[in-house]
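Below: the structure, in structure tokens.
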Amino acid sequence: MADQTSVAPIGPHTIQHFTLSNGIKLMLQENHISPSVVVRGHLWAGAVNDQLEKGGVGHFTASAVKRGTTTLSFQQINELTESVGANVFVSGGRHLTSFGGKSLAEDFGLLVNVLSDVLLNPAFPHKEIEKVRGQILTGLRELENDTRGLASREFRQLLYTLEHPYGRPGSGTLESVPGIQRDDIETFYQAHYHPKDATIVVVGDVQAKRVYDMLENALGNWQPAGSAPASIIPEAQSLTEQRRYVRTMTNKTQADIVLGTVGPDRAAEEYYAARMGDMILGHLGLMGRLGETVRDQQGLAYYAYSGLEAGLGRGPWSVRAGVNPANVEQAIESILAEIARLRDEPVTDQELEDGKDYLTGSLPLRLETNEGIAGTLLDMHLYQLGDDYIIRYPDLMRAITKEQIQAAAQKYLDPENYALAIVGPYRDE
Amino acid sequence: MPNNDTAEFQLNNGLKVLLKPVRSAPIVSNWIWYRVGSRNELPGKTGISHWVEHMMFKGTPTFPKGSIMRLVNKNGGLLNGFTSYDYTAYFETLPADRLDLGLRIEADRMGNSVFDPDEVESERSVIISEREGSENSPNFLLREELMSLAFRAHPYGHQVIGWKEDLRRITHDDLWDHYKTYYGPHNAVLVIVGDIDPAATRARIQELFAPIPAGPAPPPVTATEPAQTGERRVVLRQPGTAQYFQAAFHVPHARHADHFSLMVLNAVLAGASPMTFGGGSTPTHRSARLYKALVESELATRCGCSYSPNIDAGLFNFYATVREGRSLEEVERAMWDEILRIQDELVSEEELGKAQKQAKAQFAYALESVTNQALWLGSMEMVDSYARFYTFLDDLTSVSAADVQRVAQTYLAETNRNVGWFVPRTEEVAHG
């Protein structure tokens, strides 16, 4: 292998930190390969803050803030940014609202000004709120005819139930979205759009000092009333039973399946072992072991892969596959057999070596673009991994053992107690 | 615009090579492009190019089944392959010191892929499953209808995935013949962008690829689409929950003088297209004409148009998702109103300047990644010339408002129009 420090050009020696006068944390990485710049950040405002009957208000608010400020209309915002090929976004997630944008370096000032105006001075015009509502509702109607999307949504609800925020659809439902009023959005914004603990990352062809000055000028005075309420949610628990959901859609040709359990969170000590186990189960090569058995040997599916959504809380560890309705039962059996194998037997030496080589060797690829760097820096901050994380990363991977992977699989995966959603031209006997 | 820093050469067996050194990161992207796609397929054999692409991951005697993916991953790389109307491409993006692995894989599977009969059968169900996944999407079904309506003579009328009946019947020997006809140095372009030593890379390419014998020239595609003389429509009534609109107009091939005017027309209507691959796009459509006329007016929730150059005369496409409570008629009328407007009135200098600035930005974004740069060089080389990469912004700047108006009048004409409606029959979305 190549000397890893030579391919890890990002670390304490290159990352610059600043704190704006209101406490917003700023991380900067200069990258002069292309005359472009990327901004990424987050606020502690997410769907976990939604009340059940107002499900989707966090997502709705994120869509609504960029729909006009006290001085700029939605069309003016679009015209300003798009005229220079720039883009600004705000997006509501489960715990966090993400924001950011991209522009040519020469237009960075404009990008910062529009972004801060959107975050600080949204006007929530009634007309724009109704436009957003129409788009969300049409999207939710489309979802009712989308086998993959429905299988994902129903799987989550099955795994966590509606009692837990992780079980609820982040964008709300056809029942909740019509009831969200402008006041609800305004209230959500006032309560949760807050500079406290906000983070901004800037990567690209810019000078650090100048970036700091511009952001301090644009965002440093942001002092909303009150303090940000803490969002404490109960820790999700592993299932102790099997849950199964089937939605029969006779007009479709393929059935989509999601099967899984509650995985670890990002801070769990088993996280890295679980991640490596997930690579071996459903990614490495052409979708790992699942690709080899379900797709390749049995020819049951075009896609069959796994995913570990470890974040601030315990996200799902799941397997997804799209199969002909005649093959549903056989595919489920094969998926469960692979889950059992990861628990019952240690992975092979070769699988573990391949996984380590891939995760360490592909690091430069993941850090190639400004977006790739910015996403990594945000994660480093959010999960408190330290500025030397990229340098330590190869050693973290190299230290993973077969025993750790098996223990992580035994702790989090379960071929008996799991949630399973099937949507498509399939009926339970 | 940047100076042309791509080294171009050809081996004696016909393999064309493009090398572009980019030393921003210790990464290299290695691509092989074959001049074969669904365009080269005959009735009864549709989908065969894409199926051959799948077989190219099944191994060779030197790289047994599974080892291509495994070795590239093991060396920290990513790889993929894809098939389009005009070409089939494979790439490995790797740490720069692992380029040799990518070169050895591509040199080997250019002629030595194993088409094991059992593997052909197992891949048949994978590909049918891929198609069935797409069939779940109303927009795929509508697109398939619209393409087959727009093209009566030319093979662009069928989708890359192919007709399901053909996928059931294509044989091992069909696939093998297709591979032997189109895969070889005489029909391929190798594109490498990244942190390379051009002299050493060139020597290694010579060593690995020069011994591969050239085959006979593949049969030319002679089918030519006759001019359309009247509007064609298709209405797809199927179970669903939303209404979808698509339209397509015939436009000339990529080497035609109107190519850049059509690109600017597209940018004025729907924003400059991103030139990136696999995420990281920076959309600029919300201040463009169609979004204002259809989404801002609350007729649609999503709309746009697209124009991508092809070897033969292709299509300029429009699409929209109708907003709940609105109708396909309203959406279609608003779409034609926008087309009439751009045919009747010259676009302003501001709009032209905006389209050019957007293209400049998209170009800069694409430069961040060597994979994107290689994608760009290769795909342009397939339909025209890689050198377009270097004159792209100048070529766009040379387009005038009158050019945009002229191409809108010439090609977005009613007699050249193909229209597709997806009308949902909601009562039939069966829920169990």
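The values are calculated or read from the model by the stated rules, or taken from the named source; none is laboratory data. None of the values given here were measured: they were computed from a predicted structure. Here Cβ is always computed from backbone atoms with ideal geometry, including for glycine, and neighbour counts include all displayed protein chains.
Okay, residues lined up against (1) out of contact with any Asp or Glu (no Cβ under 6 Å at 6 or more places or on another chain); (2) at pLDDT 95 or above; (3) of a type outside the set (Gly, Ala, Ser); (4) assigned to a helix (DSSP H, G or I):
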{"position": "A:LEU342", "(1), (2), (3), (4)": "yes, yes, yes, yes"}
{"position": "A:GLU371", "(1), (2), (3), (4)": "yes, no, yes, yes"}
{"position": "A:THR376", "(1), (2), (3), (4)": "yes, yes, yes, yes"}
{"position": "A:ASP379", "(1), (2), (3), (4)": "yes, yes, yes, yes"}
{"position": "A:GLU403", "(1), (2), (3), (4)": "yes, yes, yes, yes"}
{"position": "A:PRO415", "(1), (2), (3), (4)": "yes, yes, yes, no"}
{"position": "A:ALA421", "(1), (2), (3), (4)": "no, yes, no, no"}
Can you work out which of the residues in the range B:115-144 that are hydrophobic (A, V, I, L, M, F, W, C) and within 14 Å of chain A (Cβ to nearest Cβ) is surrounded by the fewest Cβ atoms within 10 Å (Cβ to Cβ)?
B:PHE140
Listed residues A:LEU286, A:LEU281; which is assigned by TED's automatic domain parsing to the domain that holds A:ALA399, without any contact (Cβ under 8 Å) to a residue 24 or more places away in the chain and under 23 Å from B:ASN73 (Cβ atoms)?
A:LEU286
Within the range B:69-95, restricting attention to residues that are under 27 Å from B:ASN40 (Cα atoms) and of a type in the set (Gly, Ala, Ser), which residue is nearest to the chain's Cα centre (by Cα)?
B:SER84
Looking at the range B:308-320, which of its residues are crowded, with 23+ Cβ neighbours inside 10 Å and either hydroxyl-bearing (Ser, Thr, Tyr) or within 9 Å of another protein chain (Cβ to nearest Cβ) (or both)?
B:TYR319
Please enumerate the residues belonging to the range A:67-87 that are in contact (Cβ under 8 Å) with a residue 24 or more places away in the chain and at the interface with chain B (Cβ under 10 Å from one of its Cβ atoms).
A:PHE74, A:ILE77, A:LEU80, A:THR81, A:VAL84, A:ALA86
Do you know which residues across the range B:237-250 are at pLDDT 95 or above and more than 19 Å from B:CYS303 (Cα to Cα)?
B:ARG237, B:HIS250
Being within 19 Å of B:SER122 (Cβ to Cβ) and hydrophobic (A, V, I, L, M, F, W, C) is true for just one of A:LEU312, A:LEU342, A:LEU286. Which residue is that?
A:LEU286
Given the criterion within 22 Å of A:VAL202 (Cβ to Cβ) and either touching a Phe, Trp or Tyr at 6+ places or on another chain (Cβ under 9 Å) or modelled with pLDDT under 95 (or both), identify the matching residue among A:PHE60, A:PHE89.
A:PHE89
Test: residue in the range A:358-370 that is more than 10 Å from chain B (Cβ to nearest Cβ) and crowded, with 17+ Cβ neighbours inside 10 Å:
no
Return yes or no: is A:ILE24 under 30 Å from A:GLY355 (Cα atoms) and either at pLDDT 90 or above or under 24 Å from the mean Cα position of the chain (by Cα) (or both)?
no
Anything in the range B:224-272 that is in a strand (DSSP E or B), crowded, with 16+ Cβ neighbours inside 10 Å and within 14 Å of another protein chain (Cβ to nearest Cβ)? List them, or say none.
B:LEU236, B:TYR244, B:PHE245
Report those strands (runs of 3 or more DSSP E) wholly inside the range B:1-117 carrying at least 3 residues which are under 30 Å from A:LEU359 (Cα atoms).
B:16-21, B:27-34, B:78-83, B:88-95
Residues (of a type outside the set (S, T, N, Q) and either without any contact (Cβ under 8 Å) to a residue 40 or more places away in the chain or part of a helix (DSSP H, G or I) (or both)) located in the range B:173-196
B:ASP173, B:ASP174, B:LEU175, B:TRP176, B:ASP177, B:HIS178, B:TYR179, B:LYS180, B:TYR182, B:PRO185, B:HIS186
Meets criteria (more than 26 Å from B:PHE57 (Cα to Cα), surrounded by 18 or more Cβ atoms within 10 Å (Cβ to Cβ) and among the basic types (Lys, Arg)) for A:ARG295:
no
Residues that are closer than 25 Å to A:MET27 by Cα and more than 14 Å from chain B (Cβ to nearest Cβ): which helices (runs of 4 or more DSSP H) entirely in the range A:121-223 hold 2 or more of them?
A:182-192, A:208-219
Flagged in the range A:381-400 as assigned to a loop (DSSP other than H, G, I, E, B) and either of a type in the set (A, V, I, L, M) or more than 30 Å from A:GLU30 (Cα to Cα) (or both), in numbering order, are A:LEU385, A:ALA399, A:ILE400
How do the pairs read when you match residues in the range A:255-266 that are more than 20 Å from B:GLU130 (Cβ to Cβ) with residues anywhere that are surrounded by fewer than 24 Cβ atoms within 10 Å (Cβ to Cβ) and among the polar types (S, T, N, Q), using Cβ under 7 Å and keeping only pairs 6 or more apart or on different chains?
A:THR261/A:SER238; A:VAL262/A:GLN237; A:VAL262/A:SER238
Identify, please: which residue in the range B:331-342 is farther than 16 Å from B:ALA267 by Cα and free of Cβ contacts under 8 Å to residues at least 60 places away in the same chain and is, among those, surrounded by the most Cβ atoms within 10 Å (Cβ to Cβ)?
B:ALA334
From the list A:ILE15, A:ILE10, which one is within 14 Å of chain B (Cβ to nearest Cβ), farther than 25 Å from A:LYS127 by Cα and of a type in the set (Val, Ile, Thr)?
A:ILE10
Checking the conditions here, which among A:ALA218, A:ALA273, A:ALA321 is within 20 Å of B:SER125 (Cα to Cα) and buried (at least 17 other Cβ atoms within 10 Å of the Cβ)?
A:ALA321
Hits in the range B:37-69 (condition: on the phi > 0 side of the Ramachandran plot and of a type in the set (A, V, I, L, M))
none
Qualifying positions in the range A:37-63 - away from every other protein chain (no Cβ under 14 Å) and either aromatic (Phe, Trp, Tyr) or out of contact with any strand residue (DSSP E or B) (no Cβ under 7 Å at 6 or more places or on another chain) (or both)
A:TRP44, A:VAL48, A:ASN49, A:ASP50, A:GLN51, A:LEU52, A:GLU53, A:LYS54, A:GLY55, A:GLY56, A:VAL57, A:PHE60
Among A:GLU416, A:GLU371, A:GLU429, A:GLU403, which is the only one that is outside the structural domain of A:ILE200 (by TED's automatic domain parsing), among the acidic types (Asp, Glu) and closer than 30 Å to A:GLU30 by Cβ?
A:GLU371
Out of all the residues in the range B:144-172, which are of a type in the set (Lys, Arg) and either farther than 24 Å from B:PHE245 by Cα or not in a loop (DSSP other than H, G, I, E, B) (or both)?
B:LYS164, B:ARG168, B:ARG169
Can you tell me which of B:GLU351, B:GLU414, B:GLU345 is out of contact with any Ser or Thr (no Cβ under 9 Å at 6 or more places or on another chain), within 14 Å of another protein chain (Cβ to nearest Cβ) and surrounded by fewer than 21 Cβ atoms within 10 Å (Cβ to Cβ)?
B:GLU351
